[in-house]
1. Which chymotrypsin sites (Phe, Trp or Tyr not before Pro) in segment 1-62 sit in a loop by DSSP (not H, G, I, E or B) and have at most 14 other Cβ atoms within 10 Å of their own Cβ?
2. Mind checking which lysines have their C-alpha under 23 Å from Lys22, skipping anything on the same chain fewer than 8 residues away?
3. Please compute P(r) over all alpha-carbon pairs of segment 165-212, binned at 10 Å starting from zero, and give each bin as a whole-number percent.
4. Return the long-range amide H neighbours of His76 (sequence gap of 5 or more, or a different chain), with a cut-off of under 5 Å between placed amide H atoms.
5. A 30 angstrom limit on the alpha carbon distance is what I want to check against. Which of Lys150/Lys181; Lys99/Lys143; Lys99/Lys148; Lys99/Lys181 exceed it?
6. Multiplying the sequence separation of Asn8 and Tyr189 by 0.36 nm and subtracting their Cα-Cα distance, what value in nm do you get?
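Please treat every number below as a calculation from the coordinates, not as lab data. From a predicted model like this one, the values you see are computed outputs, not experimental measurements. Here the Cβ positions follow ideal geometry from the backbone for every residue, glycine too, while neighbour counts run over all protein chains shown.
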Amino acid sequence: MEYRVIRNVNHYIFDSEDEFNKHFKKDEFGNIPIVQSEWRVAQKGAWVWSDDGRIVQILYRGKISDTSRLPNPAKHYIRTVVGTFMCRPNWTMDTDFRKHVNRYTLSGNCNVYMRKTRDRLSKKELQWIALMRLGHSPLKAYKLAFPKAKDDFHIATTVTSLLQYKRIVNEMNKQAQEAAKKLGMDEEYVLKQHKRIIEEESSAKNVISSLQEVSKIIQIYPEERPNRGFLGHSTDYEEITEGELTQAQIGPVKQEEKENEV
């Protein structure tokens, strides 16, 4: 069980039905609410099963005012202590706070989380990496691989984030190693060259530099580097996603919505 506080009220998320029942047995009235299985049709105040198997309460249910620009639009959305979710058949409702930066925006940040953590590379990502191997800068390669991307700031922030993703880094390292092996420059070759420098070089600076590189290769002293992108600034932010669409989809969050939360 975990909880968050909204307006001095604890809002709980329960891990099991037993945990839920034990909590409400302690209630002064002894009433145990019914847990509904379908959150998409549940009303405000109802306790529902989330799609990741936990029990959470619907704090608000709202109507979507403008759906003209949305494909297969939903008519309603719900809000929990975790986030805001569209009432659509293909939309999942989870209880993972890491995926939802803001409770009052549509939880499209989930898409960013999935894009950041998935292992499989998309065709466009492979094309982008291939273009960088041909000598294009990350920004230029992205514009070629994703021609529909026009905004330079969005491109820069997206590229900076992509260069930190594990699947991207692994693929770039893999391709670099394969290219080096074709030239006969494998790990053994690099170590031999550094060994030669250490044994033959008279300059202490060059010897120390080679020793440091060898240490990195054989991981004697693993490096700890800050999470920096190629632009030289921190990439601990998420790129803008469906959160930007919130205003068009459900309108600005009104003060009465916040006040009317259970």
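1. Filter output for segment 1-62: Phe29.
2. Cα-Cα hits under 23 Å: Lys44.
3. 25, 32, 31, 11, 0
4. Counting only residues 5 or more places away or on other chains, the set is Ile64, Cys87.
5. On the way: Lys150/Lys181 37 Å; Lys99/Lys143 28 Å; Lys99/Lys148 26 Å; Lys99/Lys181 40 Å.
Violating the 30 Å limit, Cα to Cα: Lys150/Lys181; Lys99/Lys181.
6. Details: separation 181, 0.36 × 181 = 65.16 nm, distance 6.40 nm.
That pair, Asn8 and Tyr189, stretches by 58.8 nm at full extension.
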